[in-house]
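Here the structure comes first, spelled out in structure tokens, and everything after it is commentary.
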Amino acid sequence: MQRFCSIFSQLLQLFPRVAFQHAVVATHAERHARGFTCWGQFVAMLFCQLDRAHSLREICGGLASCEGKLAHLGIEAPSRTTLAYANAHRPWELYQHVFTDLLARCREVAGTHRFRFKNKLLSLDATVIDLCAEIFPWATFRRTKGAVKLHFTLDHDGCLPTWLLITEGARHEITVARDQTFAPGTMLVMDRGYIDFAWFARLTEMGVFFVTRMKDGTAYEVVQRQAIPTHGGILADEWIVLCSPQSAAKYEPGRPLRRVEVVLPDGTRLVFLTNHLALGPTTIARIYKDRWQIERFFKALKQNRRVKTFVGTSANALHIQVWTALIALLILKYLQLKATFGWSLSNLVALLRMNLFCATCGVRVEQVPWADGKHQLTTTYQWFLARWAKRLSWREVAQVFDTSWDQVFRAVEMAVAWGRAHVDLRGIAAIGIDEIQWQRGHRYLTLVYQIDVGRKRLLWIGQERRVKTLLTFFRWFGQDRTAALRFICSDMWKPYLKVVAKKAGHALHVLDRFHIAQHMGDAIDQVRRSEVHDLRRRGRQPWLTKARWILLKRHERRSSEERSRLAELVRHNLKAVRATLLREAFEPFWTYRSVDWAGAFLDEWCVQVMRSQIEPMKKVARMLRRHRPLLLNWFRARGQISAASVEGLNNKAKLTTRKAYGFRSYHCIEIALYHTLGQLPEPKVTHTFC
């Protein structure tokens, strides 16, 4: 005997019959019922949502057309009058109970919100569904128009709806919000329709935080101004108290609120109001931006579920249909969370509708050897484009091979994903850590390279140059590989030194020679600028005009004219020239072979600099004294690693950025750098075309 199990049957397995029957008993839904069970009503209404049926006739006719396939569902096709009577009289609380059980199941597989803080993040909002006033006389809204309002609370952990109340359309959102309770530490985000300072005061007493838009006419007084970050478009970050007597009476003046003003790239200014005084202003702006998730939820509910036209006119029937729509939407969310294939919500809805009673397993997704997923290009052609993208910019590759920039990017993204999944991390003994600036406003990337002799490549990329960034690398790298490290090369950035000492203190930590020379060059340039201003102020001849590169160049790189000019400047005993001579006196330090003699030379040079009365150079000397042990490690590692290779790889990374005229997103530059510098493996194929 052939066993039949349709997609609809597999979806209904998410609702255990025993648990469903317990909910029926708890809500007294089958009291005085004869024949037509609550399970049959639930299956019929869920069929209405998944098959997008517009009327009772379509529901009952659709189920009747599948009469031979309903036995495994445990129901029979109902008549229209039976289904209509059940929707009008059986309590809608049963469907609320089923929704709550399914929500608990979805939370088990849902992720967390995208922010670093651990507080629960909830969005509050409401949406109106228009109704005909003559057909739905109980749904009062306007004189000639009826409506109901759906009040939602959306949990950003998985973007799941956690609470719903259906009211008449005329009821305001804030009256519903006042009746809700929230756990201490919860973060609420809402629009200006929820502004009520008495309610805000009650939330603050309960330890609940909120973020909302500030109304234009709000009277306030600034009590403290906070530092404004250089990125994120923040214009103001202020602690305020309310000035108007009505507002001050509702929200005590002793409790300051926080006002954050942000300008968007298109010039629009937004002002946010919150009672959270610790989070950064850019985080406050991103929290309110994430409120768009509830708007997307409303869009998905109204476009993909049957909530604009109803199969019943009573309030009970409308409640049942709305709760069934939410149950169907949760089913789709659950399938998206569990699926390994990247289904969009609209495609998933269409495929379920067309194959709801498909035999055996319904839709089949077959994998072919020459393509992958939904990619429009064959795998061989993608690898062809990815190889050319190492030689040319992505735009040039698209122009040469008559394709789009997006297709080239997807090909490179595919190559990087495959390479990173198959990368060989064995035998890494030396790594280099450095940062590059990739956007204005001090936006940095932390780059970690392998610098072993004979193998130099990019290992890892991280955003910013903080302690957490480098800790993330060591967690990704693993304890066993970290224990096998022998050499680590980095600059003197304090977060890097701190993390390396904590995670890989056994390795020989070598400071980069290039950054020491850079610090000395910056000190010389600072002395030159201050001395030029001083000479001009005293009316003396500006000897140092057009002498910047004469002072900064190494001795062997100066031309004969530049050497003559420097010899002339030496006779005037200028501080900038003395700083240059101190820098040149330090050059023999790198020629020593003995660690002890190199240390003695460093100590003597630092003594001379401290007596020179040139403050920027004295600052460099103090820095070298602080890092003396790490600086001498350069001699212990001589001949075993090449610290200069880190700067060479950095130059290649900057060249990749310049070749593309910059990158707008971190994901793009991450893909580009891994592709160019990562030496990622490629699959073995019979033929190569590049």
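Within the stretch 370-391, the set of residues being open to solvent by 40 Å² or more (accessible area, probe 1.4 Å) and among the hydrophobic types (A, V, I, L, M, F, W, C) comprises W370, W388. Among the residues of the stretch 661-677, those that are modelled with pLDDT of 90 or more and of a type outside the set (A, V, I, L, M, F, W, C) comprise E670, Y674, H675, T676. When the residues of the stretch 248-257 are narrowed to those that are assigned to a loop (DSSP other than H, G, I, E, B) and in contact (Cβ under 8 Å) with a residue 40 or more places away in the chain, which ends up least open to solvent (accessible area, probe 1.4 Å)? By that ranking, first place goes to Y251. Inspection of the stretch 408-428 identifies at least one residue that is outside any helix (DSSP H, G or I), under 30 Å from H515 (Cβ atoms) and open to solvent by less than 30 Å² (accessible area, probe 1.4 Å).
When the test is whether a residue is under 20 Å from V211 (Cα atoms) and open to solvent by 40 Å² or more (accessible area, probe 1.4 Å), W138 does not pass it.
Quick one: would you say E682 is part of a loop (DSSP other than H, G, I, E, B) and either in contact with a Lys or Arg (Cβ under 8 Å, 6 or more places away or on another chain) or loosely packed, with under 14 Cβ neighbours inside 10 Å (or both)? Yes, satisfied. Scanning the stretch 222-247 for residues that are over 35 Å from the mean Cα position of the chain (by Cα) and either surrounded by fewer than 15 Cβ atoms within 10 Å (Cβ to Cβ) or outside any helix (DSSP H, G or I) (or both) yields C243, S244, P245, Q246. With respect to K503, is the statement that it is closer than 30 Å to T580 by Cβ, among the charged types (D, E, K, R), open to solvent by 20 Å² or more (accessible area, probe 1.4 Å) and modelled with pLDDT of 85 or more true? It is false that K503 is closer than 30 Å to T580 by Cβ, among the charged types (D, E, K, R), open to solvent by 20 Å² or more (accessible area, probe 1.4 Å) and modelled with pLDDT of 85 or more.
The one condition from (1) among the acidic types (D, E); (2) touching a residue at least 12 places away in the same chain (Cβ under 8 Å); (3) not in a strand (DSSP E or B) that D266 does not meet is (2). When the stretch 100-135 is limited to residues that are crowded, with 17+ Cβ neighbours inside 10 Å and β-branched (V, I, T), the one that is nearest to the chain's Cα centre (by Cα) turns out to be T127.
Across the stretch 430-440, not a single residue is classified as surrounded by fewer than 21 Cβ atoms within 10 Å (Cβ to Cβ), farther than 19 Å from A672 by Cα and in contact (Cβ under 8 Å) with a residue 12 or more places away in the chain.
Matching residues to (1) open to solvent by less than 60 Å² (accessible area, probe 1.4 Å); (2) under 15 Å from I75 (Cβ atoms); (3) without any contact (Cβ under 8 Å) to a residue 40 or more places away in the chain; (4) under 45 Å from the mean Cα position of the chain (by Cα):
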position	(1), (2), (3), (4)
Q13	no, yes, yes, yes
P16	no, no, yes, yes
H22	no, no, yes, yes
H28	no, no, no, no
H32	no, no, yes, no
T37	yes, yes, yes, no
G40	yes, yes, yes, yes
Q49	yes, no, no, yes
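Scanning the stretch 447-477 for residues that are β-branched (V, I, T) and touching a residue at least 40 places away in the same chain (Cβ under 8 Å) yields I451, V453, I461. Annotation note: of G539, G478, the sole residue that is open to solvent by less than 100 Å² (accessible area, probe 1.4 Å), closer than 27 Å to D424 by Cα and out of contact with any strand residue (DSSP E or B) (no Cβ under 8 Å at 6 or more places or on another chain) is G478. The sole residue among D179, D155, D191 that is within 14 Å of L124 (Cα to Cα), within 29 Å of the chain's Cα centre (by Cα) and open to solvent by 10 Å² or more (accessible area, probe 1.4 Å) is D191.
Okay, residues lined up against (1) in contact (Cβ under 8 Å) with a residue 40 or more places away in the chain; (2) part of a loop (DSSP other than H, G, I, E, B):
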site: L277; (1), (2): no, yes
site: Q293; (1), (2): yes, no
site: K299; (1), (2): no, no
site: A317; (1), (2): yes, no
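Residue check: is M520 surrounded by 16 or more Cβ atoms within 10 Å (Cβ to Cβ) and over 33 Å from the mean Cα position of the chain (by Cα)? Taking the combined requirement at face value, the residue satisfies it.
Each row is one residue, and each column tells you yes or no for (1) at pLDDT 90 or above; (2) under 23 Å from the mean Cα position of the chain (by Cα).
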| site | (1), (2) |
| --- | --- |
| E413 | yes, yes |
| V423 | yes, no |
| G441 | no, yes |
| L445 | yes, yes |
| V453 | no, no |
| R457 | yes, no |
| E464 | no, yes |
| D480 | yes, no |
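The values are calculated or read from the model by the stated rules, or taken from the named source; none is laboratory data. Keep in mind that what you see is a predicted model, and the values were worked out from it rather than measured. Using ideal geometry, Cβ is built from the backbone for each residue, glycine included, and neighbour counts are taken over all protein chains shown. For the accessible areas, the whole protein counts, side chains as well, though only heavy atoms, and no ligand, DNA or RNA atoms are used. Shrake-Rupley method; radii C 1.70, N 1.55, O 1.52, S 1.80 Å.
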